[in-house]
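The values are calculated or read from the model by the stated rules, or taken from the named source; none is laboratory data. Just so we're clear, the structure is a prediction, and the values are computed from it rather than from any experiment. Please note: Cβ atoms are built from the backbone with ideal geometry, for glycine as well, and neighbour counts cover all protein chains shown.
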Amino acid sequence: MSAHPSSSLKLYFGIWITLLACTGLTVWAASLDLGPFNVAVALTIATFKAILVALFFMHLKGASEKLTKLVVVASLFFLLILLVLSMSDYATRTWS
Amino acid sequence: MPDSQLTAAHNPALLHHFAEPRQQRDAASLGMWVFLGTEIMFFGGLFCTYLVYRRAYFGDWGAASKTLDVTLGATNTAVLICSSLTVVLAVWAAQTCRRKLLIGNLLATLVLGTAFLGIKGIEYKEKFEKHHVPGASFQFNNVTIPGHPDQYANPSHAEIFFALYFVMTGLHALHMIVGIGIFIWLTVMAWKGRFTPEYNTPVEMGGLYWHFVDIIWIYLFPLLYLIDRHP
């Protein structure tokens, strides 16, 4: 699993610093007036952070079992069905 | 006796219905990821609720979000990111047979997790003092909507924001408490020397759970604290 122990340590600390920097970045970006893009920027940074945690801290990148990756993709797919279909309903309602 | 020969040949941590340690570990990993998939849907319903009401009560929710303390929220995000680092270091220590480093990182994770809950408690206390807890004593009068200094936020719309704030952060905090319980158990097991490079699946699976709870917070922080922050 850890073929090169010291190199994986370097990676973990690098990811950690990146995650902390992204937290600072998202707080700073929230203080700017970007109009509707404020939400988009905040969610993009959050998704980037989440991907880093999943790939490197949860070792999804090195996961040898295809079944694990299938479970993750399927979970996200069903989450998208939940969010996209619900919102496409609410966003297109012309009555109130 | 063939039984004693079998146990002598096998890794003591290998359960009899698995052929080899690798298969046992992969089965545990798959089960954990399926569980995390159900957790995604569990929290997904709340995130969907958030989206629907955020869209409907955009300005009122911006006003309510502005009353949250960004410094405390950002500190808690940093605390959780640091705890994710100690967790991944604990998994690494277990896999490379470093018992002291493993116990140290598990204890550091417990300290950071408890610190997160403490800071959350300070925030909850502030909500009670400001009457921002949904219910009979809820007050949100004369708060202007961000970008519209002449408009006041609708208190009942803001109340829904705080209701969702308490449900989402409360459910997250509940997961943190469960995680702390898991990590106390892992620390005891590590103290007894149960984990070896061949058998460290509980540390790895506990770590997956902890990182998942971290990811939930990574989304909760911008959605609850950072909407409509700009002046």
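Observations
- Single unsatisfied condition, B:V91 versus (1) over 30 Å from A:I17 (Cα atoms); (2) within 14 Å of another protein chain (Cβ to nearest Cβ); (3) of a type outside the set (K, R); (4) under 26 Å from the mean Cα position of the chain (by Cα): (1)
- Matching option when the condition is more than 15 Å from the chain's Cα centre (by Cα) and surrounded by 14 or more Cβ atoms within 10 Å (Cβ to Cβ), among A:A63, A:A91: A:A63
- Residues of the stretch B:173-231 that are closer than 24 Å to B:A94 by Cα and among the basic types (K, R): B:K192, B:R194.
- Residues of the stretch A:1-44 that turn out to be facing chain B (nearest Cβ under 7 Å), in contact with a Ser or Thr (Cβ under 8 Å, 6 or more places away or on another chain) and among the β-branched types (V, I, T), as a count: 1
- Look at the stretch A:12-40: where a residue is in contact (Cβ under 8 Å) with a residue 24 or more places away in the chain and a partner is part of a helix (DSSP H, G or I) and of a type in the set (V, I, T), sitting 6+ places away or on another chain with Cβ atoms under 6 Å, you get A:Y12/B:V88; A:L19/B:I81; A:C22/A:I45; A:T23/B:T77.
- Residue that is among the aliphatic types (A, V, I, L, M) and either more than 23 Å from A:T26 (Cβ to Cβ) or more than 10 Å from chain A (Cβ to nearest Cβ) (or both), where the choices are B:L223, B:L186: B:L186
- Any hit, the stretch A:75-88, residues being surrounded by fewer than 11 Cβ atoms within 10 Å (Cβ to Cβ), more than 9 Å from chain B (Cβ to nearest Cβ) and more than 20 Å from B:T38 (Cα to Cα): yes
- Taking the stretch B:76-102 as the range and being part of a helix (DSSP H, G or I), surrounded by fewer than 17 Cβ atoms within 10 Å (Cβ to Cβ) and either touching a Leu at 6+ places or on another chain (Cβ under 7 Å) or hydrophobic (A, V, I, L, M, F, W, C) (or both) as the test, the residues that pass are B:A78, B:L101.
- Qualifying residue in the stretch B:49-56 (condition: among the aliphatic types (A, V, I, L, M) and under 19 Å from the mean Cα position of the chain (by Cα)): no
- Residue among A:A40, A:A30 that is more than 22 Å from B:L208 (Cβ to Cβ), of a type in the set (A, V, I, L, M, F, W, C) and surrounded by fewer than 13 Cβ atoms within 10 Å (Cβ to Cβ): A:A40
Quick grid of which residues meet (1) modelled with pLDDT of 95 or more; (2) buried (at least 20 other Cβ atoms within 10 Å of the Cβ); (3) in a loop (DSSP other than H, G, I, E, B):
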| residue | (1), (2), (3) |
| --- | --- |
| B:L171 | yes, no, no |
| B:F212 | yes, yes, no |
| B:W217 | yes, yes, no |
| B:H230 | no, no, yes |
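- Failed condition for A:F13, given (1) surrounded by fewer than 15 Cβ atoms within 10 Å (Cβ to Cβ); (2) among the aromatic types (F, W, Y); (3) under 26 Å from B:R55 (Cα atoms): (3)
- Residues that are modelled with pLDDT of 95 or more and more than 19 Å from A:L11 (Cβ to Cβ), drawn from the stretch B:77-98: B:T77, B:A78, B:V79, B:L80
- Index of the failed condition, A:I51 passing every other in (1) modelled with pLDDT of 95 or more; (2) exposed (fewer than 11 other Cβ atoms within 10 Å of the Cβ): (2)
- The stretch B:6-61, subset of a type in the set (S, T, N, Q) and in a helix (DSSP H, G or I), residue nearest to the other protein chains (Cβ to nearest Cβ): B:S29
- Of the residues making up the stretch B:189-220, those that are within 11 Å of chain A (Cβ to nearest Cβ) and either on the phi > 0 side of the Ramachandran plot or β-branched (V, I, T) (or both) are B:V213, B:I215, B:I216, B:I218.
- For the stretch B:6-54, residues that are at pLDDT 90 or above and either farther than 17 Å from B:E198 by Cβ or touching a strand residue (DSSP E or B) at 6+ places or on another chain (Cβ under 9 Å) (or both) total 25.
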